[in-house]
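**Student:** Supplied in structure tokens, the structure appears directly below.
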Amino acid sequence: MRIPGHIGIIPDGNRRWALERGLPKEMGYAKGLDPGLELFTLCKDLGVRELTYYGFTMDNTKRPSIQTRAFTKACVMAVQLLAMQDAELLVVGNTDSPMFPEELLKFTRRTTFGRGGIRVNFLVNYGWEWDLSSLMGNKKPIELKKHLKSSDISRVDLIIRWGSRRRLSGFLPVQSIYSDFYVIDDYWPEFKPEHLYSALQWYDKQDITLGG
């Protein structure tokens, strides 16, 4: 089976998962921590070279404060868990905003933990407009990527989204331009390894041409 070099993860459906169980919406975010770590381990063992998690966006911070506190806390805990693994970790997001958690500032430069190996990116307080803001006035397309705020993140081969929504929601617009996009109907807290394996089996059958 052909393994994508870089997989993007959109872990959606946390709030809907909570509501269906009679819980407040904010209770769903912490349920995504174990799936995130399990997915990391599976991808590392499969030989995936790079993995990007979509934590929360600048638009997400418009939600009620009880929810923003909950998903911010979950993202901080997720990054801290990943920092205990063998990984080259980077957090990307708008650090000038008060919504960016101070606990994650030290991760905004790629840092090797343990034996390193797989590159792991975590988008926190990320916005596509923020990411592209440094491109204004640049006239040479071949140089555009190096001016991105997310310039240290490579092109994404496969994006997997949980929670049935069929949209990118602003996920790395430059790096995802030729990404294959796979949707899983189950919510992110319902993650199981079969979700990943089904996505990889589907990806293996795609015709990868990059426009050629």
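**Student:** Roughly speaking, what is the stretch gain from Leu46 to Ser133, that is 0.36 nm per residue apart minus the C-alpha to C-alpha distance, in nm to one decimal?
**Tutor:** On the way: separation 87, 0.36 × 87 = 31.32 nm, distance 3.53 nm.
Full extension of this stretch gives 27.8 nm more.
**Student:** Net charge around Trp17, counting only other residues with Cβ within less than 11 Å of its Cβ (Lys, Arg = +1; Asp, Glu = -1)?
**Tutor:** Neighbourhood net charge equals +1.
**Student:** While we're looking at this one, here's another question. Put one equal scatterer on each alpha carbon of the chain, apply the Debye formula with no solvent term, and list log10 I(q)/I(0) at q = 0.16 1/Å to two decimals.
**Tutor:** Evaluating at q = 0.16 Å⁻¹ gives log10 I(q)/I(0) of -1.12.
**Student:** I'd like the Karplus ³J(HN,Hα) series for the range 161-172: coefficients 6.51, -1.76, 1.60, θ = phi - 60°, whole numbers in Hz, and an x wherever there's a Gly or Pro.
**Tutor:** 10, 8, x, 6, 6, 10, 8, 7, 6, x, 5, 5
**Student:** By DSSP, what percent of the beta bridges with both residues in the range 6-204 are antiparallel, rounded to the nearest 5? Each step should come with its number before you reach the end.
**Tutor:** Working: 3 of 28 bridges.
If we restrict to bridges inside the range 6-204, about 10 percent are antiparallel.
**Student:** Would you list which aspartates and glutamates come within 13 Å of Lys192, measuring only between C-alpha atoms, while excluding same-chain residues fewer than 8 positions from it?
**Tutor:** Straight-distance partners of Lys192: Asp34, Glu38.
**Student:** Oh, and also: Which entries of Lys149/Lys205; Lys62/Lys149; Lys44/Lys145; Lys25/Lys149 show an alpha-carbon separation above 24 angstrom in the structure shown?
**Tutor:** Values: Lys149/Lys205 33 Å; Lys62/Lys149 22 Å; Lys44/Lys145 26 Å; Lys25/Lys149 31 Å.
With Cα atoms farther than 24 Å apart: Lys149/Lys205; Lys44/Lys145; Lys25/Lys149.
**Student:** In the neighborhood of Arg115, defined by Cβ-to-Cβ distances under 11 Å, what is the net charge if each Lys or Arg adds +1 and each Asp or Glu adds -1?
**Tutor:** Values: positive: Lys44; negative: Asp86, Glu88.
So the environment of Arg115 carries a net charge of -1.
**Student:** Under 10 Å, Cα contacts only: if you run a Gaussian network model on the chain, which one of Asp185, Asp96, Asp131 comes out with the highest mean-square fluctuation?
**Tutor:** In the Gaussian network model the winner is Asp96.
Here, each number is a calculation from the coordinates, and none is a lab measurement. Model, not experiment: these values are computed from the prediction. Cβ coordinates were reconstructed from backbone atoms using ideal geometry, including for glycine residues, and neighbour counts include every protein chain displayed.
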